[in-house]
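*Asks:* Can you read through this structure? Questions will come right after.
The values are calculated or read from the model by the stated rules, or taken from the named source; none is laboratory data. Since this is a predicted model, take the numbers as computed values, not measurements. We place every Cβ from the backbone using ideal geometry, glycine too, and count neighbours over all the protein chains shown.
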Amino acid sequence: MSAIDDLPPLRSVIASHGLTAKKALGQNFLLDLNLTAKIARAAGDLSGCDVLEVGPGPGGLTRGLLAEGARRVVAIEKDARCLPALDEIAAAYPGRLKVINADALTLDWAAHLGAPVKIVSNLPYNVGTELLVRWLTPPAWPPLWQSLTLMFQREVADRIVAVPGSKAYGRLAILVQWRTTARIALSLPPEAFTPPPKVHSAVVHFQALAEPRFPADPAVLERVVAKAFNQRRKMLRAALKGLTPDIEDRIRAAGLSPTERAEQVSIEGFCALARAVAG
Ligand code: SAM
């Protein structure tokens, strides 16, 4: 019996199902169920929610989510070796866990969930940023999900919550903070995982805003921000050269100076610039 449920401890689960970690699948497992329950609590009240979990592995976080009262968990796992262990969890929580053996990058996950939806995952690091960008850029806003509670490498978490003027501020910070309120909820040392990764990790909680913070066309904003940060040390007038023939006038029309650098421009400034470029 474990700390949070009547199922066996995760070390026994891993041993009995032969789940040796595969590096190619980003497998760094959390074996402390008190910790996985804490991560589940960082997502707020789960009782009325469907929860999407990408990469349940042996099921540590899955068990945390269920013990913390999630209405239903839909878990997408690429590694078929994990399925028997996850079936045991499904049997202990009848009707509340659906496991799908698929690649989260290709599965139409929304088809399996009912609102309200929260996404909570200890993501494989090799696909974490890619999934985050997809969740932040749905065809329409607000998205199906209310919040994201996700594990990242600490360096990526720092880029997500970075403010203008800092080294970590860039495309990711702007994409995230334009449409969500994001904060670091928990920091974890390498020893929290088995096997331990080389770097520190952090859980980031994102709350979706009803509307983006400032008006802008998402595609134009992305184009302007990508070009501006492609040469982040250059002045805006040089970095954005060629975007429109009269780019200096448009930078001024947005209330910015052509001699500013991208890393100094706020999200509000980039949105004004995107509107000036579109207009
Ligand atoms: N949630 C477990 C935990 O906290 O201990 C495992 C987390 S481990 C960092 C990442 C998990 O994602 C692994 O179980 C791995 O097999 C799975 N995974 C990797 N790539 C995936 C993908 N493209 N789609 C779905 N699952 C994937």
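*Asks:* Taking interchain pairs and intrachain pairs at least six residues apart, which have beta carbon atoms under 6 angstrom, with the first residue in segment 15-30 and in the same structural domain as E191 (by TED's automatic domain parsing) and the second modelled with pLDDT under 95 and part of a helix (DSSP H, G or I)?
*Replies:* Matching pairs, first to second residue: G26/Y125; G26/N126.
*Asks:* With the condition kept exactly as written, say whether any residue in segment 111-123 is at positive phi and more than 10 Å from the ligand (Cβ to nearest atom).
*Replies:* Within segment 111-123 (the criterion being at positive phi and more than 10 Å from the ligand (Cβ to nearest atom)), the answer is no, since none of the residues qualifies.
*Asks:* If you don't mind, there's one more thing I want to ask. Can you confirm whether segment 233-255 contains a residue that is in contact (Cβ under 8 Å) with a residue 12 or more places away in the chain and within 21 Å of the chain's Cα centre (by Cα)?
*Replies:* no
*Asks:* Please find, within segment 165-191, the residue that is nearest to A262 (Cα to Cα) out of those that are surrounded by fewer than 18 Cβ atoms within 10 Å (Cβ to Cβ) and over 16 Å from the mean Cα position of the chain (by Cα).
*Replies:* G165
*Asks:* Sticking with this one: Could you please tell me which pairs satisfy a Cβ distance under 8 Å, a separation of 6+ or placement on different chains, a first residue in segment 90-110 that is touching a residue at least 40 places away in the same chain (Cβ under 8 Å), and a second residue that is among the basic types (K, R) and within 15 Å of the ligand (Cβ to nearest atom)?
*Replies:* A104/K78
*Asks:* Residue under question is T106, and the condition is that it be touching a strand residue (DSSP E or B) at 6+ places or on another chain (Cβ under 8 Å), of a type in the set (S, T, Y) and within 29 Å of P143 (Cβ to Cβ); does it hold?
*Replies:* Here the answer is no, as T106 does not meet what is asked.
A quick yes/no check of all residues on (1) of a type in the set (F, W, Y); (2) within 22 Å of L97 (Cα to Cα); (3) crowded, with 19+ Cβ neighbours inside 10 Å; (4) not assigned by TED's automatic domain parsing to the domain that holds V176:
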residue	(1), (2), (3), (4)
L123	no, yes, yes, no
G128	no, no, yes, no
R134	no, no, no, no
P139	no, no, no, no
P142	no, no, no, no
W145	yes, yes, yes, no
T149	no, yes, yes, no
R159	no, no, yes, no
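*Asks:* Being closer than 19 Å to P190 by Cβ, more than 20 Å from the chain's Cα centre (by Cα) and within 10 Å of the ligand (Cβ to nearest atom) is the filter here; which residues of segment 15-30 pass it?
*Replies:* Scanning segment 15-30 gives A21, K22.
*Asks:* Among the numbered criteria (1) under 29 Å from A67 (Cα atoms); (2) more than 14 Å from the ligand (Cβ to nearest atom), which single criterion is violated by I100?
*Replies:* (2)
*Asks:* Output the residues belonging to segment 31-56 that are touching a residue at least 40 places away in the same chain (Cβ under 8 Å) and more than 13 Å from the ligand (Cβ to nearest atom).
*Replies:* The answer is A42, A43, G44, L46, G48, C49, D50.
*Asks:* How many residues does segment 137-160 contain that are under 17 Å from A173 (Cβ atoms) and in contact with a strand residue (DSSP E or B) (Cβ under 7 Å, 6 or more places away or on another chain)?
*Replies:* 7
*Asks:* Might you check whether a residue that is part of a helix (DSSP H, G or I) and within 21 Å of V161 (Cα to Cα) occurs anywhere in segment 246-262?
*Replies:* Within segment 246-262, one or more residues are part of a helix (DSSP H, G or I) and within 21 Å of V161 (Cα to Cα).
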